[in-house]
Amino acid sequence: TDLEAKKDGQRGARRRAVISFTDTGTGIPPEETEAIFELYRSTKKGGTGLGLAIVQQIVERHGGTITVESEVGRGSTFQVILPEAHTT
């Protein structure tokens, strides 16, 4: 698994933190990628279908987004994008 974190955006604009997680697993078929964030949806034996649904809720409550790009047989990349916190 690879992990990458960086800041994105230009000075004066709202900056974002971008965190990417890449694995070399089995990948997710295209017809399943739309549903992977659905509550109680799991393709893993014994899975609860809670993990990605909870992660998505947490990310969205912080004003961010989570996306996935995947290729069967090659793995997946999840990208979490969060707005930079403003301090006063």
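The values are calculated or read from the model by the stated rules, or taken from the named source; none is laboratory data. If you're wondering where the values come from, they're calculated on a predicted model, not measured in any experiment. For neighbour counting, all protein chains shown are included, and Cβ atoms are generated from backbone atoms with ideal geometry for every residue, glycine included. The accessibility values were calculated without ligands, DNA or RNA, using every heavy atom of the protein model including side chains. Shrake-Rupley method; radii C 1.70, N 1.55, O 1.52, S 1.80 Å.
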Kindly list the number of the only condition in (1) of a type in the set (Val, Ile, Thr); (2) open to solvent by less than 60 Å² (accessible area, probe 1.4 Å); (3) modelled with pLDDT under 90 that fails for Thr1.
(2)
Name the pairs whose Cβ atoms lie under 7 Å apart, with the first residue in region 12-38 and farther than 22 Å from Leu82 by Cβ and open to solvent by 40 Å² or more (accessible area, probe 1.4 Å), the second modelled with pLDDT under 90 and not in a strand (DSSP E or B), and 6 or more positions between them or separate chains?
Glu32/Thr43
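Give the residues of region 57-72 that are open to solvent by less than 60 Å² (accessible area, probe 1.4 Å) and either touching a His at 6+ places or on another chain (Cβ under 7 Å) or within 24 Å of Asp2 (Cβ to Cβ) (or both), sorted by residue number. I'd like the intermediate steps shown before the answer.
Restricting attention to region 57-72, the residues satisfying the condition of being open to solvent by less than 60 Å² (accessible area, probe 1.4 Å) are 59, 63-64, 66, 68, 70.
Of everything in region 57-72, those that are open to solvent by less than 60 Å² (accessible area, probe 1.4 Å) and either touching a His at 6+ places or on another chain (Cβ under 7 Å) or within 24 Å of Asp2 (Cβ to Cβ) (or both) turn out to be Val59, Gly64, Ile66, Val68, Ser70.
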Residues of region 47-64 being polar (S, T, N, Q) and either within 8 Å of Phe37 (Cα to Cα) or assigned to a helix (DSSP H, G or I) (or both), which ones?
Gln56, Gln57
